[in-house]
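Readers should treat all values here as calculations from the given coordinates under stated rules, not as data from a laboratory. What you are looking at is a predicted structure, and each value in this text was computed from that prediction instead of being measured. Because the Cβ atoms are built from the backbone with ideal geometry, glycine has one as well, and the counts that use them run over all protein chains shown.
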Amino acid sequence: MLWPEVVRRAVKVGSDRELVGVYARRSDLPRSLFRELIDQAGTRLWFGGYTSYFVWLEVPNAAATLGAKAQVGADVRFLLGDPGSAGTTARERIEATPLTLATRIAMSQAEIAKSPEPLAVRLSDRHIAMSVWVFDDEAIVATHIGAGLGQDSVTMHLQRREAGGPFDRYVEHFESLWADARAA
């Protein structure tokens with residue numbers, strides 16, 4: 001009787017097999033993870049962060065790399081926050097930081113514009129409390145809590161292992177937001 005319970009605790013089964021890691025803060029992720037996921041992805045690179053500003057700080061030559069991937073057929077998308085929305089203004093009051101959301105969104109748009117290949121960009125304020133970045137069959141999901149900035153968000157690293165699992169649910173979430181967003 002004890003053995004099956006010990007095995008269940010030690011071995012991932014079901015949907016939890018998709019969970020690669022959980023981090024108390026996005027800033028606790030290994031510094032190289034986003035760079036590695038971008039480098040390894042070949043078909044789908046979706047950035048569903050409200051500003052995704054940190055990408056330009058953490059990933060050298062990100063615009064050139066993403067543009068090159070788009071040139072060979074990768075689906076590269078940025079779902080950014082709507083800098084003029086009431087949701088953005090309200091969140092800026094909560095964060096109370098000199099580097100506002102609207103500024104970080106503008107900086108991401110300026111970096112995206114440096115890509116040698118046009119990248120798809122849409123704006124929405126529906127994802128202000130959760131970010132989803134998808135790289136082929138891996139994803140980073142950050143749930144924003146309290147008044148903290150994005151780097152303070154509880155963050156999960158997922159890898160697709162089954163149809164309809166947590167990874168697929170977050171992909172569906174991104175697709176729903178993308179469908180409702182407006183072109184930048």
Fill in: Spherically averaged projected area of region 19-162 from its Cα convex hull (nm²)
8.2
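Taking the Cα centre of region 18-183 as origin and charging only Cβ (+1 Lys, Arg; -1 Asp, Glu), how large is the dipole, in debye to the nearest 20? Please list the in-between numbers first.
Details: 17 positive and 21 negative charges, 68 e Å.
In debye, rounded to 20, region 18-183 gives about 320.
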Worksheet item: Under a point-charge model restricted to the Cβ atoms of Lys and Arg (+1) and Asp and Glu (-1), what is the dipole moment magnitude of region 32-86 relative to its Cα centre, in debye to the nearest 20?
Response: 100
Practice prompt. Find out how many positive minus negative residues lie around residue 184, taking Lys and Arg as positive, Asp and Glu as negative, among other residues whose Cβ is under 10 Å from that of residue 184.
Written response: +1
Item to complete: Name the residue farthest towards the positive end of the dipole of region 18-183 from the options 40, 170, 105, assuming +1 on Cβ of Lys and Arg, -1 on Cβ of Asp and Glu, about the Cα centre.
Response: 105
Discussion item. For q values of 0.12, 0.19, 0.26, 0.29 Å⁻¹, compute log₁₀ I(q)/I(0) with the Debye formula on a Cα-only model of region 122-177, without solvent.
Written reply: -0.28, -0.68, -1.08, -1.20
Discussion item. Counting only other residues whose beta carbon sits under 12 Å from that of residue 33, what net charge do I get with K and R as +1, D and E as -1?
Written reply: -2
Worksheet item: Given only helices, namely DSSP H runs of n ≥ 4 each adding -39500 (n - 2.57), what is the per-residue ellipticity at 222 nm of the chain, to the nearest 500 deg cm²/dmol?
Response: -11000 deg cm²/dmol
